[in-house]
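Only one structure is covered here, and it is reproduced in the block below.
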Amino acid sequence: MTSVARAGHLAPYFKASSSVVSNGLKPTVVAYTAPEKVLVHPLPKTTTVQSLHGALPIQGLKAVAGGRGPSHVRFAHTDISYPDFTAYRRKETQDPTAKSSESVDARQSFTYLIAGAGGVAGAYAAKSVVTHFVSSMAAAADVLALAKIEIKLSEIPEGKSVTFKWRGKPLFIRHRTDNEISTEQSVPVESLRDPQHDNQRVQNPKWLVVIGVCTHLGCVPVANAGDFGGYYCPCHGSHYDASGRIRKGPAPLNLEVPQHSFVDEGTLVVG
Amino acid sequence: MSMWATLNRSVFKKTSTFFLAATLGTFFFERTFEVASVAIFESLNKGKLWNDIKHKYEH
């Protein structure tokens with residue numbers, strides 16, 4: 001069922017409508033087609049003057065409305081050029097008859113591999129930056145180098161206390177005699193002001209390592225002096241024994257034992 | 001199934017395995033990269049480094 005209506009002055013409005021717009025040619029000869037499907041009449045055969053006149057697009061638009069079926073028809077703009085995206089497409093997808101599922105693994109794994117390589121490089125860079133900034137908070141290498149002192153124990157004779165400078169403080173290394181060791185080991189801990197057994201203060205009973213700063217007001221005690229044969233602070237009269245423990249006088253605490261270790265038989269490292 | 005298909009389907013497709021692979025890859029990449037960098041630096045500075053002149057001062 002096809003109806004034709006004249007609509008010359010309404011032509012601009014029909015362009016945007018959903019109605020079918022014919023090519024405006026007057027149908028003089030209509031070829032037989034299925035009436036439901038064809039909404040646009042085919043071009044007439046132009047054999048006579050009248051049919052030639054009817055074929056000219058000077059008649060104004062005619063709207064053709066069909067009752068059923070798709071109704072959108074566009075004029076034949078055959079001069080429209082479509083952009084060619086071949087240069088942007090993967091080789092595998094350029095052939096329209098090839099199945100994309102056959103090449104999907106190769107295409108995707110390449111993309112993922114590039115992304116993964118970027119991720120690896122980014123993670124490495126991020127780790128380097130973080131490590132760099134965190135390590136800048138640590139002590140500098142020159143400070144760390146000065147923070148340790150190595151002492152040759154063979155240079156200290158038995159019964160002597162030798163003073164070294166360590167981190168700006170005096171450090172006493174005492175080579176104790178057997179007599180001193182047995183005396184200090186047998187001191188009852190309960191009788192002390194700062195109760196510490198001798199074994200808690202020395203690693204090797206022959207060697208006492210203490211910082212030579214009096215715990216009272218920070219004077220440097222004198223070695224091998226005082227009532228207990230250890231150290232004596234001349235400032236206010238604190239007496240320390242041969243284990244560096246406070247025994248008499250105003251000082252509240254024992255002499256401080258720094259972290260130290262015996263690297264081998266004759267070498268001591270403090271720090 | 002080709003190597004790429006195996007890699008794609010078992011590692012890359014899942015975000016969890018993808019990130020795991022990237023993290024593990026970073027460890028090996030870091031080691032390789034740093035060893036290579038040090039080797040290049042030492043070859044460029046051959047003769048100037050402590051290891052090259054140590055024998056003159058230590059005995």
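As a test of the formula, what do you get for chain B when each DSSP H run with n ≥ 4 contributes -39,500 (n - 2.57) and the sum is divided by the residue count, at 222 nm and rounded to the nearest 500 deg cm²/dmol? Could you put the intermediate results ahead of the total?
On the way: 3 runs with 43 residues, N = 59.
Estimated from H runs of four or more residues: -23500 deg cm²/dmol.
DSSP loop GluC sites (Glu not before Pro) in the range A:154-224 with at most 12 other Cβ atoms within 10 Å of their Cβ, which ones?
Working: sites: A:Glu155, A:Glu158, A:Glu180, A:Glu184, A:Glu190; in loops: A:Glu158.
Listed in order of number, the matching sites are A:Glu158.
When Lys and Arg each count +1 and Asp and Glu each count -1, what net charge do the other residues less than 13 Å away from A:Asp264, Cβ to Cβ, add up to? Write down the numbers at each step before the final one.
On the way: positive: A:Lys152; negative: A:Glu150, A:Glu265.
Here the charged neighbours net out to -1.
Can you check what the net charge comes to around A:Asn204, using other residues whose Cβ is under 14 Å from the Cβ of A:Asn204 (Lys, Arg +1; Asp, Glu -1)? Could you put the intermediate results ahead of the total?
Values: positive: A:Arg174, A:Arg176, A:Arg201, A:Lys206; negative: A:Glu158, A:Asp178, A:Glu180, A:Glu184, A:Asp198, A:Asp264, A:Glu265.
Local charge sum for A:Asn204: -3.
Of A:Gly237, A:Trp207, A:Val222, which is farthest towards the positive pole of the range A:199-271's charge dipole, taken about the Cα centre with +1 and -1 on the beta-carbons of Lys, Arg and Asp, Glu respectively?
A:Gly237
Let me spell out the model: positive unit charges on the Cβ of Lys and Arg, negative unit charges on the Cβ of Asp and Glu, origin at the Cα centre of the range A:135-271. What dipole size does that give, in debye rounded to 20? Before the final figure, lay out each step's value.
Numbers: 14 positive and 15 negative charges, 75 e Å.
Approximately 360 debye in magnitude.
If Rh is defined by the Kirkwood formula over all Cα pairs and Rg also comes from Cα, what ratio Rg/Rh do you get for the range A:181-271?
Details: Rg = 12.8 Å, Rh = 13.4 Å.
For the range A:181-271, the value is 0.96.
Using only alpha carbon positions, build the gyration tensor of the range A:70-139, then give the equivalent ellipsoid semi-axes as the square roots of 5 times its eigenvalues, largest first, whole angstrom. Don't skip to the answer; put the middle values down first.
Details: eigenvalues 521, 66, 23 Å².
Gyration-tensor ellipsoid for the range A:70-139: 51, 18, 11 Å.
Among A:Lys169/B:Lys54; A:Lys152/B:Lys56; A:Lys160/A:Lys248; A:Lys148/A:Lys169, which pairs are too far apart, with a Cα-Cα distance over 24 Å?
Working: A:Lys169/B:Lys54 34 Å; A:Lys152/B:Lys56 26 Å; A:Lys160/A:Lys248 22 Å; A:Lys148/A:Lys169 12 Å.
As for pairs spanning more than 24 Å Cα to Cα, those are A:Lys169/B:Lys54; A:Lys152/B:Lys56.
So who's got an amide H within less than 5 Å of the one on A:Trp166, skipping anything under 5 residues away but keeping other chains? H placed 1.01 Å off N, in plane.
A:Leu171
With the dipole of chain B worked out from charges on the C-beta (+1 for Lys and Arg, -1 for Asp and Glu) around the Cα centre, which of B:Ser16, B:Val38, B:His59 lies farthest toward the positive end?
B:Ser16
Putting +1 on Lys and Arg Cβ atoms and -1 on Asp and Glu Cβ atoms, find which of A:Ser161, A:Met137, A:Ser191 reaches farthest to the positive end of the dipole of the range A:93-205.
Farthest towards the positive pole: A:Met137.
Read the figures in this text as sums done on the coordinates, not as results from a lab. Worth saying up front: this structure is predicted, and the values here are computed from it rather than measured. Cβ atoms come from the backbone with ideal geometry, glycine included; neighbour counts cover every protein chain shown.
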